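Peer 1: The structure that follows is given in the form of structure tokens.
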Amino acid sequence: MSHGKLSDLPASFLFRYRFAVPRVSQLPERWPERPEGWLPNPADLDRSAPLPARLWAGWNERGCGFLFRVTDKQHPPGGDAHQLEQADRCRLWIDTRCTQNVHRATQYCHALVAYPQVTEGSRRRPLLQQVSIPQARGDAPRRAARLAEIRFAPERNGYRLLIWLPAEALHGFDPEQQREIGFFWLVRDSELGLSLPAYDTDVPFVRDPSVWFVAQLADESP
């Protein structure tokens, strides 16, 4: 990032973000139909209207669930399975040890790309991939794509994408000993462009876990 006046920085860059994520015992069998407690988007501080993408998260001892919601769309999401770099997608980064004092990913850092709908022949389906983190000091085991559950739910002006990551898919996930995890996310959409919950693209969130948000694994949701 170039160095300028403090007033030139996005407001969302001036803070560290820590959010409470509720324990939801019924996951993954039952997801909240109308979830409360969508995670805040600090980027809304710099916008005249809220971002069209939101994220909800919940956890229990069996793993973590993430629900993306994208609105303000005129067309369903899409993409070609053979040209995924052009497909609509949601990205999620998770650090099960919340290493906020290191600038390169460790073996506890996971990077996921979730495609709400991709077409392969006559078939349309959601797809999840685990990808490498640039300049990482270590790589998490590649288990997420095989073990995760992903579900797509169309809505009138957008969609929801539900991702369940069992504990076995998250290297180092141990809520008894570690009640904070690092995470960050974004949505890239062919209609809506890039939705970032904070910062701007000059911030190296793709590779630097120290700038990710912190999720506090809280007790049972009321």
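Peer 1: Residues to consider are 176, 191, 120, 180; find the one that is touching a strand residue (DSSP E or B) at 6+ places or on another chain (Cβ under 6 Å) and of a type in the set (D, E, K, R).
Peer 2: None of the other options fit; the residue is 180.
Peer 1: Would the stretch 147-157 turn up any residue that is basic (Lys, Arg), assigned to a strand (DSSP E or B), closer than 26 Å to residue 38 by Cβ and in contact with a Lys or Arg (Cβ under 6 Å, 6 or more places away or on another chain)?
Peer 2: No, that holds for no residue.
Peer 1: Considering each of 20, 49, 111 in turn, give the residue that is among the aliphatic types (A, V, I, L, M), exposed (fewer than 15 other Cβ atoms within 10 Å of the Cβ) and closer than 21 Å to residue 160 by Cα.
Peer 2: Just one listed residue meets the conditions, 49.
Peer 1: Ok, one more. With the structure loaded, tell me whether residue 174 is among the acidic types (Asp, Glu), at pLDDT 95 or above, buried (at least 16 other Cβ atoms within 10 Å of the Cβ) and not in a strand (DSSP E or B) or whether it fails that test.
Peer 2: No: the conditions fail for residue 174.
Peer 1: I want to confirm something. Restricting to the stretch 199-219 and keeping residues that are part of a loop (DSSP other than H, G, I, E, B) and modelled with pLDDT under 95, which single residue is nearest to residue 58 (Cα to Cα)?
Peer 2: If we take residues in the stretch 199-219 being part of a loop (DSSP other than H, G, I, E, B) and modelled with pLDDT under 95, then 199 is nearest to residue 58 (Cα to Cα).
Peer 1: Can you report the number of residues in the stretch 129-171 which are buried (at least 17 other Cβ atoms within 10 Å of the Cβ), hydrophobic (A, V, I, L, M, F, W, C) and within 26 Å of residue 100 (Cβ to Cβ)?
Peer 2: 10
Peer 1: Is it true that some residue in the stretch 147-154 is acidic (Asp, Glu) and at pLDDT 95 or above?
Peer 2: Yes, that holds for at least one residue.
The values are calculated or read from the model by the stated rules, or taken from the named source; none is laboratory data. All values reported here derive from a predicted model rather than from experimental measurement. So basically every Cβ, Gly included, is an ideal-geometry build from the backbone, and we count neighbours across all protein chains shown.
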